[in-house]
Amino acid sequence: MSHLFGPVPSRRLGLSLGVDLVPPKTCTFDCLYCEVGRTTHLTRRRQPYRVKEIIGELEDYLASPPAALDYVTMAGSGEPTLNLGIREIIAAVKSLTDTPVAVLSNGSLFYLPEVRADVAGADVILPSLDAGREETFRRINRPHPGLSLDLVVSGLKALRREYTGQIWVEIMVLKHLNDQEEELSALKALLRELAPDKVQLNTAVRPVADRDAQPLTQEEMEAVARFLGEGTEVVAASRQISPERLAIKDRDVLDMLARRPMTAGDLAQALGISLAQVRERLGRLLKAGLVSRDMHREQDFYRSLMTSSP
């Protein structure tokens with residue numbers, strides 16, 4: 001499997017080329033709501049995961065990209081800051097393109113000065129913060145034993161002090177876990193201290209690692225946004241991308257489905273093609289045994305059955 005995926009329309013970043021920096025599922029958290037699934041390698045140890053290989057793929061792709069990108073995003077099958085080469089990879093992207101670089105992170109390692117230095121070259125950092133209380137943090141994020149909410153928050157505060165780019169905090173709001181007034185008040189207090197440029201709310205609308213991660217309705221999400229106050233938004237649906245911006249191949253579809261389950265409607269919106277075209281393609285991939293179809297919350301979700309490690 002390539003270390004690159006997409007480009008895909010992101011609800012937060014427009015048309016984004018994803019860069020998968022760690023092997024699945026290598027992470028500092030084992031979040032209830034993770035779309036990639038349960039963490040199989042829970043760790044805080046940073047390693048240089050295939051840095052030259054990743055840069056080589058970026059050089060090949062960015063020499064003649066098939067689409068006009070809005071962002072190149074450090075993300076993937078776990079926590080990208082676990083890759084010791086993230087600074088080198090960001091620098092390589094900057095040398096190859098004017099497209100801005102984003103880092104999609106769970107925010108757990110910014111207490112380390114070297115991690116903050118490694119991501120300083122990015123244009124926007126998008127850390128998660130799902131809880132304002134230690135008990136809730138442990139219940140939702142299921143962190144490595146060496147991590148605490150206080151440690152994570154201290155890192156986010158240091159990042160805010162030192163980093164000159166944009167910081168957009170994402171909160172995954174889950175029914176009966178962090179949507180009560182006590183939980184939201186604790187989160188609101190932390191957000192005042194962190195002063196992010198944006199606060200973006202999400203909920204568990206796709207298949208997740210644990211059934212305890214239940215979504216809120218749109219109305220409930222909007223109420224949470226009002227409670228948290230100015231600068232908070234409910235993450236919108238992916239914006240439509242014209243077909244001319246995407247060169248769509250079966251491999252693109254399979255790579256997208258390898259990283260998260262999606263409905264036919266998700267794929268149609270992501271690929272900028274009609275639902276009928278998506279259903280025809282999925283039918284063919286199902287018959288070929290390349291994808292699976294599972295029912296979740298009365299919707300069909302598709303996953304790639306291609307198995308290879310990055």
statement: In region 1-20, anything assigned to a loop (DSSP other than H, G, I, E, B) and touching a Ser or Thr at 6+ places or on another chain (Cβ under 8 Å) is listed as M1, R11, L13
task: Select, from Y33, Y49, the only residue that is within 19 Å of D130 (Cβ to Cβ), open to solvent by 20 Å² or more (accessible area, probe 1.4 Å) and touching a strand residue (DSSP E or B) at 6+ places or on another chain (Cβ under 6 Å).
output: Y33
- prompt: Do you know which residues across region 92-123 are touching an Asp or Glu at 6+ places or on another chain (Cβ under 7 Å) and small (G, A, S)?
  reply: A102, S105, S108
field: Subset tally (residues that are of a type in the set (S, T, N, Q) and free of Cβ contacts under 8 Å to residues at least 24 places away in the same chain) for region 195-228
entry: 2
- prompt: Among the candidates G18, G107, G85, G6, which residue alone is in contact (Cβ under 8 Å) with a residue 24 or more places away in the chain and under 28 Å from K175 (Cα atoms)?
  reply: G107
message: Looking only at region 34-67, filter to residues that are touching a Lys or Arg at 6+ places or on another chain (Cβ under 7 Å) and of a type in the set (A, V, I, L, M); which one of those is modelled with the highest pLDDT?
response: V36
- line: Taking region 201-223 and keeping only residues that are within 23 Å of S304 (Cα to Cα) and either outside any loop (DSSP other than H, G, I, E, B) or among the hydrophobic types (A, V, I, L, M, F, W, C) (or both), one is left with A204, V205, V208, A209, A213
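The values are calculated or read from the model by the stated rules, or taken from the named source; none is laboratory data. None of these values were measured; they are calculated from a predicted model. Every residue, glycine as well, gets a Cβ built from its backbone with ideal geometry; the counts of neighbours run over all protein chains shown. Accessible surface is based on the protein model in full, side chains and every heavy atom, while ligands, DNA and RNA are left aside. Shrake-Rupley method; radii C 1.70, N 1.55, O 1.52, S 1.80 Å.
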